[in-house]
Each structure stands twice: as structure tokens, then as C-alpha cells.
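The values are calculated or read from the model by the stated rules, or taken from the named source; none is laboratory data. On a predicted model such as this, the values are computed, not experimentally measured, just so you know. Cβ sites come from the backbone with ideal geometry, for glycine too, and all protein chains shown count toward neighbours. We work out accessible area using only protein heavy atoms, side chains counted, and drop any ligands, DNA or RNA first. Shrake-Rupley method; radii C 1.70, N 1.55, O 1.52, S 1.80 Å.
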Amino acid sequence: KRSASNEGQQPDLAEPVVLSAIRKGTTVRSLCHNVSTQMLRDFNFALVWGKSAKHSPQRCGVNHELADEDVVQIVTKTNAQQRQDKNYQAMVQGFSDKYHKKKFDAKKKKQGKLRR
């Protein structure tokens, strides 16, 4: 069992995120993927407290192996760091295309209802 916490808050030990080596693995990458793929995409570093850390807190990357009862804080990239990413323009264009297609489809659906 691993616990995740938001910045500036105490970790929620009552509802831990459970990872297993059989399912998706026990790395920081699998924790991020388990919570949100967007979190994995925007990952900057993780702070880890517990058995797997050499000191508390230890700053770790996505390949760090977690141990039982570790507490992890995920730190994502800032907006400025995201803009410097080489895939930023393609990602923004993809979001824009998805938004405009959804809006166009809704408009088309509304017009279809009005014609009936």
C-alpha cells in the first residue's frame, strides 16, 4: 500500500493507492499512470518518504521502486516548463482539435433536433 498526498496537506493514510508487481508494477511511473495519464505526462519529480527512500524526503524519478507504506508526493511541471517541452505545440493542437470537433458535433446534433 502506498499513500499519495497533495502539496501542503497531510497524506491520506485511510485511502492508499494500492500497487502490485503483478498488475502494473511498483514504480513511481505506475503510481502516476494509476492516478492519471496526464500526471505522468506532466511529471517533474517525486518526493518519497518511507522504506525505499535513502533519506526523508528523497527526490526521485519515475523509475524509482516503491516499498510498502511509502508516502509519495508527485510534483508536476510548471506551465513554463510545459511550454518548453518539445511536444507542447502538438499537444495543444490535439486538445484544440478535440475541443472544436466536440463543439461542432454538438452544434450538428442540435441542428438535427431542430429539423425534426
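Key figures for this structure:
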item	result
For residue 71: the one exception among (1) hydrophobic (A, V, I, L, M, F, W, C); (2) at pLDDT 80 or above; (3) in contact with a Lys or Arg (Cβ under 7 Å, 6 or more places away or on another chain)	(3)
Any helices (runs of 4 or more DSSP H) falling wholly within region 15-116 and containing at least 3 residues that are without any contact (Cβ under 8 Å) to a residue 60 or more places away in the chain, of a type in the set (A, V, I, L, M, F, W, C) and open to solvent by 40 Å² or more (accessible area, probe 1.4 Å)	88-115
